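Asks: Pasting a structure below so you can have a look.
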Amino acid sequence: MSKYIVTILVVYGVLVLDKPVLGQQRTQILGLTAGFSPLQIKDQFRSDYTYRGVGLGLQAYYGQNRSTKQWLLEAAYSRATPQSIVSRKASTQLVDLTFNYLWRLSSISRPGNRLQYFGGLGVHLFSTTTNYSPDIDVSTIVTTGIAALGLSAKASYQLSARQHIQGQGFVSVLSGVYRPNYAYFGRDQLAISWFGQNPILGIQVSYQYQLSKKIAAVSSYQLTYFQYDKPRPVNGLYQSVRLGLQRTF
């Protein structure tokens with residue numbers, strides 16, 4: 001009798017160990033996209049007029065998905081030549097780094113559910129460097145660096161076996177704006193703000209089409225807005241429209 005009990009326990013143990021734990025099922029994604037980056041910035045330390053332009057941008061991202069949680073790290077770079085109605089073209093470089101850690105809020109007991117939604121925390125690092133007179137010897141470079149900790153939410157909908165769309169939003173709770181060459185009273189400017197003051201917002205909508213088991217075509221639209229009030233206002237609105245490929249492994 002004991003021999004049969006031991007055999008049953010061994011078989012049961014093998015089955016349990018061989019069966020993947022629901023919360024530990026994992027896939028990783030790696031993607032690269034490129035496209036256009038419209039922007040507009042109004043920095044009243046420099047000018048009362050809004051600079052507008054369209055540049056080119058490149059984005060890479062890497063993430064991990066589990067049944068109950070997921071995270072994604074994105075890095076983007078773009079370059080543009082915005083211009084106001086009363087000035088020559090400027091030269092602007094943008095660097096954008098985001099990290100989102102999300103928990104599944106929808107039920108994991110229904111894998112066939114097409115709508116999935118998530119919520120969690122996000123970190124957004126952003127910098128813009130603009131040379132307002134790139135074609136003359138006098139340097140007129142203004143840099144703004146932004147760091148924000150906030151809330152992030154995402155919803156995903158499976159259109160078909162090969163297609164799905166998703167939308168994601170970010171709002172800052174705690175943010176800091178640093179201007180290292182903002183010559184105001186002879187010192188650098190650093191401002192720390194809580195929720196509702198100097199907001200930093202982000203929105204992203206993407207569409208994926210599965211080309212093969214591991215490769216998908218990706219298109220996305222992204223918008224980032226920030227506002228900084230003191231000692232003089234600066235507002236920025238940055239958008240991107242990108243196409244690329246994503247690999248799952």
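The values are calculated or read from the model by the stated rules, or taken from the named source; none is laboratory data. None of these values were measured; they are calculated from a predicted model. Because the Cβ atoms are built from the backbone with ideal geometry, glycine has one as well, and the counts that use them run over all protein chains shown. Ligands, DNA and RNA are excluded from the accessible area calculation, which covers all protein heavy atoms including side chains. Shrake-Rupley method; radii C 1.70, N 1.55, O 1.52, S 1.80 Å.
Asks: Since Y182 meets every condition but one in (1) open to solvent by 30 Å² or more (accessible area, probe 1.4 Å); (2) at pLDDT below 95; (3) under 23 Å from V95 (Cα atoms), which condition does it not meet?
Replies: Going through the list (1) open to solvent by 30 Å² or more (accessible area, probe 1.4 Å); (2) at pLDDT below 95; (3) under 23 Å from V95 (Cα atoms), Y182 breaks only (1).
Asks: Quick one: which of S206, S212, S133 is more than 26 Å from S87 (Cα to Cα) and in contact with a Ser or Thr (Cβ under 6 Å, 6 or more places away or on another chain)?
Replies: Numbers: S212 fails: in contact with a Ser or Thr (Cβ under 6 Å, 6 or more places away or on another chain); S133 fails: more than 26 Å from S87 (Cα to Cα).
Criteria check complete, one pass: S206.
Asks: Report whether or not S212 is open to solvent by less than 30 Å² (accessible area, probe 1.4 Å) and not hydrophobic (A, V, I, L, M, F, W, C).
Replies: Values: open to solvent by less than 30 Å² (accessible area, probe 1.4 Å): no; not hydrophobic (A, V, I, L, M, F, W, C): yes.
No: the conditions fail for S212.
Asks: Kindly indicate whether any position in the range 152-161 is closer than 30 Å to Y51 by Cα, in contact (Cβ under 8 Å) with a residue 12 or more places away in the chain and in contact with a strand residue (DSSP E or B) (Cβ under 9 Å, 6 or more places away or on another chain).
Replies: Keep residues of the range 152-161 that are closer than 30 Å to Y51 by Cα, which gives 152.
Imposing the further condition that a residue be in contact (Cβ under 8 Å) with a residue 12 or more places away in the chain reduces the set to 152.
Retained after the next criterion (residues that are in contact with a strand residue (DSSP E or B) (Cβ under 9 Å, 6 or more places away or on another chain)): 152.
Yes: the range 152-161 contains one or more residues that are closer than 30 Å to Y51 by Cα, in contact (Cβ under 8 Å) with a residue 12 or more places away in the chain and in contact with a strand residue (DSSP E or B) (Cβ under 9 Å, 6 or more places away or on another chain).
Asks: I'd like the residue in the range 57-78 that is more than 19 Å from R247 (Cβ to Cβ) and modelled with pLDDT of 95 or more and, out of all such residues, is most open to solvent (accessible area, probe 1.4 Å). Don't jump to the end; show me each part of the working.
Replies: To start, the set of residues in the range 57-78 that are more than 19 Å from R247 (Cβ to Cβ) comprises 57, 67-69, 77-78.
Add one more test, that the residue is modelled with pLDDT of 95 or more, and what stays is 57, 77-78.
Working: G57: 8, Y77: 95, S78: 10 Å².
Per the criteria, the residue is Y77.
Asks: Here's a follow-up. Considering only residues of the range 136-168 that are within 29 Å of A80 (Cα to Cα) and not in a strand (DSSP E or B), which is least open to solvent (accessible area, probe 1.4 Å)?
Replies: T140
Asks: Take the residues in the range 95-119 that are among the aliphatic types (A, V, I, L, M) and at pLDDT 95 or above; name whichever of them is farthest from T224 (Cα to Cα). Can you show your working first?
Replies: Going through the range 95-119, the residues among the aliphatic types (A, V, I, L, M) turn out to be 95, 97, 102, 105, 108, 115.
Those left that are additionally at pLDDT 95 or above: 95, 97, 102.
Numbers: V95: 12, L97: 12, L102: 19 Å.
Among them, the one singled out is L102.
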